[in-house]
Amino acid sequence: MVDKVWLDKKAIEAITLPDEGKRITVWDTEIPGFGVRVTSTGAKSFILSYWSSRSKKRFKIGDYPTWSASAARAEAIKLRKDIDRGEDPMAERQDERQAPTFKDLADEYLRDHAPKKRTGEHDRQTLDRHILRRFGGQKVADITHRQVEIYHRDRSQDAPTQANREIALLSKMFALAIKWGYRPDNPAKGIERNPENKRERYLSTEEISHLLDAMNKHTVAASRHCANLIRFLLLTGARRGETMSATWDQVDLETGVWIKPSSHTKQKKTHRVPLSAPALALLVDMKAKADAEAKKANEEPSKFLFPGRGKDHITSPKKYWEMIRERATVSLWASKPETTAGKLVAELTIDDLPEHRKVVAWAQIKGVELPAGITDVNVHDLRHSYASILASSGLSLPIIGQLLGHTQTQTTARYAHLFDDPLREATNRVGSLLDGLASGRSAEVTQLKGGRNG
């Protein structure tokens with residue numbers, strides 16, 4: 001067999017297969033080092049043999065017939081020019097194979113950066129549930145702006161606000177990828193975000209009453225820590241993440257103060273929170289029960305205020321919260337028997353209030369639309385409700401901001417409109433007094449001591 005031939009389709013098809021278990025290489029007569037390697041099974045692949053760094057290397061261009069003879073020849077010519085300029089295609093391919101995938105970037109981010117963030121655990125969940133499913137196997141350097149844009153579009157169909165959060169996470173990760181030398185640019189930068197309307201859902205005192213009543217009536221031992229968590233959030237207005245991860249060494253039961261470490265707060269500063277008497281009483285009761293249970297089981301009590309499974313804290317009260325708000329909603333409907341919802345509940349009530357799902361099903365049968373009740377309230381709205389009670393009670397925005405742990409006044413300013421009621425009440429007092437004077441009715445006027453008659 002000749003060892004050199006003009007490599008075209010006809011020549012390649014005419015190559016005699018080697019003996020079993022062996023392989024041969026037929027070289028091209030024109031391009032130095034360009035050849036086709038043939039195995040005894042009939043597999044053929046184009047290669048380029050060259051010298052680099054005083055060692056001989058063989059670079060695989062591609063398999064035949066996936067690569068045609070003409071395409072492989074053109075690639076060999078291009079590679080030869082690169083080699084003449086001092087480049088090493090084999091080393092470049094090795095670098096490409098070893099280039100980090102997005103999964104590698106995510107692992108590095110979660111190991112080195114996420115622990116510094118208050119939302120680190122949430123970032124981990126977001127990556128696992130959504131982002132890694134789309135980009136996990138891709139090379140970091142290969143992900144394009146268009147791909148990220150399409151991902152945001154797809155996620156926006158179901159969760160527009162969450163889609164924005166995920167783009168922010170991606171942008172931060174790609175910024176770190178630039179810093180770590182994985183790529184030169186940020187493909188998540190410049191993605192147009194979905195418009196967001198700040199939620200202004202506050203629980204009324206009536207709704208809070210039904211919510212607390214639902215928790216008091218649902219006394220299953222397994223739900224106790226979740227119930228205590230909801231009560232504590234209502235009493236403090238704290239962020240859910242800070243509260244769930246709170247430990248007993250952060251709380252001074254003697255002075256009634258909760259000192260949140262900077263690593264747990266959004267503003268990255270230590271936040272000292274005075275506790276109300278009911279909040280402190282709740283913690284004292286929780287601590288006593290936790291110590292008693294640990295002593296009975298002959299083990300150390302959990303370091304967390306709201307322990308979850310094993311040695312960790314509660315990670316999400318979602319299931320408990322959904323159950324309680326549905327119970328509270330039915331109770332709220334039942335308290336208004338003159339309404340359509342109240343009448344439906346009455347029709348289904350025997351010894352106790354019916355389940356929420358049964359009322360909903362009955363309403364569908366009757367073609368009746370039910371109000372949301374409390375089912376549209378999420379756990380974070382408890383924080384808004386706490387702030388609304390403070391504002392409606394006349395406390396100043398700076399005081400409210402300090403209690404909520406805000407560092408910027410504009411963050412607290414979203415509650416400014418809630419001052420309307422106390423301000424209206426105050427100005428009505430002046431209006432009533434002046435109205436009384438104008439109509440000749442007697443009015444009580446307080447004389448200011450030390451003043452001068454004008």
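Quick notes on this structure:
- Cβ-defined net charge surrounding Gly190, 15 Å radius [Lys, Arg +1; Asp, Glu -1]: +2
- P(r), alpha carbons of segment 1-118 - 10 Å bins starting at zero, rounded %: 12, 35, 24, 13, 9, 5, 1, 0
- Relative contact order of the chain, pairs being alpha-carbon contacts under 8 Å that are 6 or more residues apart, as %: 9 percent
- Only lysines eight or more places from Lys78 in sequence, or on another chain, were considered; those with a Cα closer than 28 Å are Lys4, Lys9, Lys10, Lys44, Lys56, Lys57, Lys60, Lys139.
- Annotation: extensible slack from Thr339 through Arg129 equals 71.4 nm (criterion: 0.36 nm per residue apart, minus Cα-Cα distance).
- Neighbourhood charge, 10 Å Cβ-Cβ cut-off, centred on Thr329 and excluding it, Lys, Arg +1 and Asp, Glu -1: -1
- Segment Val257-Asp112, extension gain: residue separation times 0.36 nm, minus the distance between their alpha carbons: 49.0 nm
- Within straight-line reach of Lys366, meaning a Cα separation under 24 Å, sit the following lysines at least 8 residues removed in sequence or on another chain: Lys336, Lys343, Lys358.
- For the chain, the longest principal axis of the C-alpha atoms and the axis of helix 318-334 are separated by about 40°.
- Ser393 paired with Arg153, simple spin-label distance in nm, labels 7 Å along Cα-to-beta-carbon: 5.0 nm
- Seen from Ile374, the other residues with C-beta closer than 13 Å to its C-beta sum to a net charge of -4, counting Lys and Arg as +1 and Asp and Glu as -1.
- Averaging the sequence gap over all C-alpha pairs within less than 8 Å and six or more residues apart, then dividing by the number of residues, gives segment 314-354 a relative contact order of 26 percent.
- The slack between Ser53 and Lys9, meaning 0.36 nm per residue of separation minus the straight C-alpha distance, is 12.5 nm.
- Solvent exposure of the chain, expressed per residue, is 60 Å² of accessible area, with all protein chains present and a 1.4 angstrom probe.
- Counting only residues at least eight positions apart within a chain, or on another chain, the lysines with an alpha carbon under 28 Å from that of Lys289 are Lys217, Lys260, Lys303, Lys311, Lys318, Lys319.
- Accessible surface of segment 248-345, 1.4 Å probe, proportion on carbon and sulfur as whole %: 52 percent
- Glu347/Asp213 FRET efficiency (R0 22 Å; Cβ-Cβ; nearest 0.05): 0.50
- Peptide packing for 231-237, 377-383, 109-115 was compared via the average number of neighbouring C-beta atoms within 10 Å per residue; ordered from the highest value, the list is 231-237, 377-383, 109-115.
- Structure-derived Rg and Dmax of the Cα atoms in Å: which label, when the choices are (1) 21.3, 63; (2) 23.8, 73; (3) 35.2, 127: (3)
The values are calculated or read from the model by the stated rules, or taken from the named source; none is laboratory data. Remember, it's a predicted structure, so these values are computed and weren't measured experimentally. Cβ sites come from the backbone with ideal geometry, for glycine too, and all protein chains shown count toward neighbours. Please note that ligands, DNA and RNA were not included when accessible areas were found on the heavy atoms of the full protein model with its side chains. Shrake-Rupley method; radii C 1.70, N 1.55, O 1.52, S 1.80 Å.
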